[in-house]
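A short worksheet on the structure shown next.
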Amino acid sequence: MGLESYDFFGRIESFLETFGAGGASILLIFLALAIGIALWRGTGFVLFLLMLSFALGPIQASGVIFAATLLRWFCLGLLLVACVRRFRLPNGTMCLYLLYAILGLIFIVRSPEPAWSFQQGILKLLVAVSVPIAVTTYVSSTNDIVRLLKMVIFAAAVWTISSLIFFQSYAQSGYLRFRLGGEVGAGAGAIDAGAYLAPIVVWGIVQSRRRGLRISSSVLIIPFVLLFLLAGKRTALAGLLAIGGAPLIFLRKNPLKLIGFSIIGGLFAASSVLLMFQLLPGKAQGLTERLLSTDLTGREGLWETGLYSCFQSPLLGHGEGSASMVADQTFHNGYLIAWYNTGLLGLCALVSFLTIYTIKAWSLFRRAQTDEMADFGRLAFGYLLAVITVAFFVGSIGGVANITNCMLLIMCAIIDRLACISAGQAETNR
């Protein structure tokens, strides 16, 4: 399986082989500067670096790919360093995700590759601890939430620009999908990064208090949709963009705004399709057939393999990352991956975590006392619905330090902070 090429030490070794001692020295200097700035500027800066590490995925250079991955892992540890001076503990519901991460570590004794599973488990635990604490510490008011979401939109802009710069790599490839990046499989990961940023871009368009943010987000949405179309990414379009963005548009009280957003959305979609046919007339038909197809592209067989593997040992897991050793493409289902890696208790913890926070987001939206709070609630509710739905078709929620889990925990921590802010507002209004 070549797992050694993807673990922590394997990536460092590959980086050293590619760039030598000089590259390692530059990387160490950068990391030292990052630590200093993190201690000086605090949690917000490190969260920004974390977002940026995901946005750099489309850049077609192996050095950037390695550096972005190491930066991501480094930022997760740095988040804890940035919170040393002061920190808040997240809501108790976060313990469900922490339990899910801990079980992935406990069961590494049953993994066929314990060393690999241990590294994966430590990274998962680091994500489960550092991201919620960092967001809970950083967010004290709705202005902090807006700043955090602006970081995400800035990362989305970086992702879009780097994707468009390497757009030609798709036109020259023989693949149906848009292969971003120079390595096999890099394209799918790069597109996934953009997909999990998309609902926040939609929020930037529909929120009504900040005109500049609305304009910049509106500019981003056309290349976003175009890139998802070129990728043939049905999960990104139907799952994260459509389901994640729908509550922001269709749960609004003003019917005129609803009609306006629907018309604008239709124009964006039509413009993106027309651009696709103009830019790549030879491949547009094949991509259209793929996007309109209901074919599961072989997932049925992977799901059967996953179910069979899980029922072999339904109660006990096999350790974090073990599912990737059973099927070449994993199970293409986040819940089966969670079940296989962490056992039935881990699966129940994950499903309970997602269910509780979805209910919290819905309640937050329904009880919001201001339009801004209602928009935050719609965003969180749509985002969780999208993640829950997409997890049936892709396995990223069962991954480790990927954008799916980091953004999911960021959104859930925002929900908790919004609940505290809302409770404080209600108390003030009495």
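Structure values in brief
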| read-out | value |
| --- | --- |
| Estimated vicinal HN-Hα couplings, Hz - the stretch 376-381 in sequence order (Karplus 6.51, -1.76, 1.60; Gly, Pro = x) | 4, x, 4, 4, 5, 4 |
| Amide hydrogen neighbours beyond the local backbone of Arg210, cut-off 5 Å, H modeled | none |
| Residues with amide H under 5 Å from that of Val394, placed H, sequence gap 5 or more | Gly334 |
| Per-residue ³J(HN,Hα) for the stretch 382-389, Karplus 6.51 cos²θ - 1.76 cosθ + 1.60, θ = phi - 60°, Hz, x for Gly and Pro | x, 4, 5, 4, 5, 4, 4, 5 |
| Interchain or long-range residues, amide H under 5 Å from Ala401's placed H | none |
| Relative contact order (%) - criterion: Cα under 8 Å, at least six apart; region: the stretch 313-429 | 26 |
| Cβ-Cβ FRET estimate between Leu267 and Val109, R0 fixed at 51 Å, reported to 0.05 | 0.35 |
| Burial ordering of His318, His332, fewest other beta-carbon atoms within 10 Å first | His332, His318 |
| Ranked list, fewest to most other Cβ atoms within 10 Å of each Cβ, for Ser162, Ser309, Ser53 | Ser309, Ser162, Ser53 |
| Order of Leu164, Leu76 under a 10 Å beta carbon neighbour criterion, fewest first | Leu164, Leu76 |
| In sequence order, calculated HN-Hα J values of the stretch 142-157 (Karplus, 6.51, -1.76, 1.60; Hz; x Gly/Pro) | 5, 5, 5, 5, 4, 4, 5, 5, 5, 4, 5, 5, 4, 4, 5, 5 |
| Cα shape, the stretch 300-430, gyration tensor, a/c 1.5 rule | prolate |
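Every number in this text was worked out from the coordinates using simple rules, so none of it is lab data. Predicted model, so just to flag it, every value in this text is computed and none were measured. No Cβ is skipped: glycine too gets one built from the backbone with ideal geometry, and neighbour counts run over all protein chains shown.
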